[in-house]
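The values are calculated or read from the model by the stated rules, or taken from the named source; none is laboratory data. Everything numeric here is computed off the predicted structure, so don't read it as measured data. Neighbour counts are summed over all protein chains in view; Cβ atoms, including those assigned to glycine, are modelled from backbone coordinates with ideal geometry. These accessible areas exclude ligands, DNA and RNA; they are computed on the full protein's heavy atoms, side chains included. Shrake-Rupley method; radii C 1.70, N 1.55, O 1.52, S 1.80 Å.
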Amino acid sequence: MCHQKKADQNIDNPEGEDIESSKVLPAERGVILCNKLFFLKQQYKNLTATERKEKRLETEVPIWEKFRNWLDTINPTGGSKLEKAVNYAMNHKMELMNYLLDGRCESSNNAAERKVKSYVMARKNFLFHGTVVGANASAIVFNLVETAKANNLNVFQYLYTLLLYMPDYKDEPAGIDMLLPWSDFTQENCSGITDTEKITPETRGNLPL
């Protein structure tokens, strides 16, 4: 989606910008429409997921219709960055609107890209994976770490808790649910700092299933 980096910046209200004006270049019209979506994202950030979905369907769907109409009229220079962006948008018309289906979804992938940076930075140190199994293990660990951070957990404590309980509960769905980052048990036990020397496999007790 064009100008994705602006999704996390404060954007002035673009309502006064007329995309039909002769002073607006064809390529600028697409940017204006994207900015309208990003501006609305700012306005809805404090709403509940249900409220956000309702507002998006009311106000953002018409903008997407204008954006799709704009795509049909634009004729970018071959090999240009604009052509690449337009072709991508044309090939993913419906996918770009999937976030409208759930108010919890983000309208851009900026947050996901930021989460990947920890892996990218680490990769500069270990350079490559020796095996596919090693790559899978690395992906799992980084996924756990970033999910813990996203849920405001103490990452070390969360990993320690998983290693403490998972061997005995890996085949019990209720136990796995209780060890998910957003469960009440995990939030209570992994949001602060716990003395790991006192909580051992022998003294941990059982999960309160």
| note | Residues of region 145-161 being part of a loop (DSSP other than H, G, I, E, B) and either surrounded by 15 or more Cβ atoms within 10 Å (Cβ to Cβ) or touching a His at 6+ places or on another chain (Cβ under 9 Å) (or both), in sequence order, are N151, L153, N154
| Index of the failed condition, Q42 passing every other in (1) assigned to a helix (DSSP H, G or I); (2) under 20 Å from P26 (Cβ atoms) | (2)
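Conditions tested, residue by residue: (1) over 26 Å from Q43 (Cα atoms); (2) in a helix (DSSP H, G or I); (3) in contact with a Phe, Trp or Tyr (Cβ under 7 Å, 6 or more places away or on another chain); (4) open to solvent by 60 Å² or more (accessible area, probe 1.4 Å).
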position: W64; (1), (2), (3), (4): no, yes, no, no
position: T77; (1), (2), (3), (4): yes, no, no, yes
position: K84; (1), (2), (3), (4): yes, yes, no, yes
position: G103; (1), (2), (3), (4): no, no, no, no
position: V116; (1), (2), (3), (4): yes, yes, no, yes
| remark: Note: among Y169, Y165, Y160, just one is over 29 Å from V120 (Cβ atoms) and without any contact (Cβ under 8 Å) to a residue 40 or more places away in the chain, namely Y169
| said: I'm told N69 meets every condition in (1) open to solvent by 40 Å² or more (accessible area, probe 1.4 Å); (2) closer than 24 Å to T48 by Cα except one. Can you identify the failing condition by its number? | reply: (2)
| query | Can you find even one residue in region 136-144 that is closer than 30 Å to L207 by Cα and open to solvent by less than 40 Å² (accessible area, probe 1.4 Å)? | reply | yes
| said: within 18 Å of the chain's Cα centre (by Cα) and of a type outside the set (A, V, I, L, M): is that true of N75 in this structure? | reply: no
| said: I'd like to check something: does region 65-79 contain any residue that is of a type outside the set (V, I, T) and within 30 Å of S183 (Cβ to Cβ)? | reply: no
| query | From the set of residues in region 86-101 that are out of contact with any Cys (no Cβ under 7 Å at 6 or more places or on another chain) and closer than 22 Å to N46 by Cβ, which is most open to solvent (accessible area, probe 1.4 Å)? | reply | L101
| request: Report yes if V120 is loosely packed, with under 11 Cβ neighbours inside 10 Å and over 29 Å from P26 (Cα atoms), otherwise no. | output: yes
| said: Can you pull out every residue in region 173-187 that is open to solvent by less than 80 Å² (accessible area, probe 1.4 Å) and of a type outside the set (V, I, T)? | reply: A174, G175, M178, L179, L180, P181, S183, F185, Q187
| field | Tally, over region 91-110, of residues that are touching a residue at least 60 places away in the same chain (Cβ under 8 Å) and of a type in the set (A, V, I, L, M, F, W, C) | value | 1
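For R123, state whether it is closer than 30 Å to P181 by Cα and at pLDDT below 90.
For R123, the condition - closer than 30 Å to P181 by Cα and at pLDDT below 90 - is met.
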| query | Filter region 24-62 for residues that are over 23 Å from N98 (Cβ atoms) and surrounded by 15 or more Cβ atoms within 10 Å (Cβ to Cβ); which is modelled with the lowest pLDDT? | reply | A27
